[in-house]
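Enquirer: Please see the structure below; I have some questions.
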Amino acid sequence: MAYIPRLKEKYNSDIVSKLKGNYKSVMQVPKLVKISLNQGVGKNSTDKKFIETAQKEMTDIVGQKAIITNSKKDISNFKIRKGMPVGVMVTLRGDRMYEFLDRVISATLPRVRDFKGVSRTGFDGRGNYTLGIKEHIVFQEIDLDKINKITGMDITFVTNTNSDEDAYSLLKEFGMPFSEDGAAEKEAEEAKRKQQEELKREAEEAARVEAVEEEEKKEADRRATLSQEERDKEDAEAKANEDTDSEKNKDNNEESVEADDSKNK
């Protein structure tokens, strides 16, 4: 008996039956066409070893040889020349596509740190869904002992429908763990907001401390230019001002107490 991937068999036997009631013909039921994986190399475009490692790792993940993508034009702002390597990609179809989807849903996503479901915002308006993976080490095929750098990648699920809702229904039936109530997105946004506020507070505190230290340094430098007699005179004046302020505060407090007593009487 010929081997049939689990999700392919599920689609033919269960998913089509569940979704066909929403369409005039069973031929209109959406289906998965291909899955594309893309990983940019960023500033490592001149590092041949890094690119070869990225290609090998993606090949190990999907079980199909990944290809190196090159720039089609010069982009001066990013210091990219035409023909320079800019990423690694692979496209899966048929049985390998279903096998990879099964591994992503059942093994890869549950290994994501603090995983609470995938966002529904990844649809592009044409029935395709892109999922971002921040750390490629969540794939079981990656040997952690041989990792030099943790990288991310985008996984795009391409369907034959132009409707995001139809594509969502299809992927959900496959078992894609969508975050229904948006809790994952809200929590991520809240965590990001708190992190930004904390960074802002730290920056403001560092600026304040730096300003105080700068003022103290200026004052120390200024006093260093004075004679001992001038410094003693400044210290005496400062002490006299402190005594005067202290006496004023004491008088004000006594007047306040007397006024309160008068009101109470």
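Enquirer: Given (1) surrounded by 14 or more Cβ atoms within 10 Å (Cβ to Cβ); (2) touching a residue at least 24 places away in the same chain (Cβ under 8 Å), where does Asp14 come up short, assuming only one miss?
Expert: Among (1) surrounded by 14 or more Cβ atoms within 10 Å (Cβ to Cβ); (2) touching a residue at least 24 places away in the same chain (Cβ under 8 Å), the lone unmet condition for Asp14 is (1).
Enquirer: Determine whether Ile51 is hydrophobic (A, V, I, L, M, F, W, C), touching a Pro at 6+ places or on another chain (Cβ under 9 Å), free of Cβ contacts under 8 Å to residues at least 60 places away in the same chain and part of a strand (DSSP E or B).
Expert: no
Enquirer: May I pose another question? So how many residues does the stretch 139-151 have that are within 17 Å of Thr59 (Cβ to Cβ) and part of a helix (DSSP H, G or I)?
Expert: Summing the residues that are within 17 Å of Thr59 (Cβ to Cβ) and part of a helix (DSSP H, G or I) in the stretch 139-151 gives 1.
Enquirer: Sticking with this one: Could you tell me whether the stretch 80-88 includes any residue that is surrounded by fewer than 17 Cβ atoms within 10 Å (Cβ to Cβ), modelled with pLDDT under 90, out of contact with any Cys (no Cβ under 8 Å at 6 or more places or on another chain) and of a type in the set (Lys, Arg)?
Expert: Scanning the stretch 80-88, I find at least one residue that is surrounded by fewer than 17 Cβ atoms within 10 Å (Cβ to Cβ), modelled with pLDDT under 90, out of contact with any Cys (no Cβ under 8 Å at 6 or more places or on another chain) and of a type in the set (Lys, Arg), so the answer is yes.
Enquirer: Would you pick out the residues in the stretch 94-138 that are over 23 Å from the mean Cα position of the chain (by Cα), under 13 Å from Thr156 (Cβ atoms) and either of a type in the set (Ser, Thr, Tyr) or not in a helix (DSSP H, G or I) (or both)?
Expert: Residues satisfying the conditions are Arg126, Gly127.
Enquirer: Within the stretch 34-48, which residues are without any contact (Cβ under 8 Å) to a residue 60 or more places away in the chain and at negative phi?
Expert: Gly40, Val41, Lys43, Asn44, Ser45, Thr46, Asp47, Lys48 - these are the residues of the stretch 34-48 that are without any contact (Cβ under 8 Å) to a residue 60 or more places away in the chain and at negative phi.
The values are calculated or read from the model by the stated rules, or taken from the named source; none is laboratory data. Treat the numbers as computed from the prediction; the structure is a model and nothing was measured. In this analysis, Cβ positions are derived from the backbone assuming ideal geometry, glycine residues included, and neighbour counts consider all displayed protein chains.
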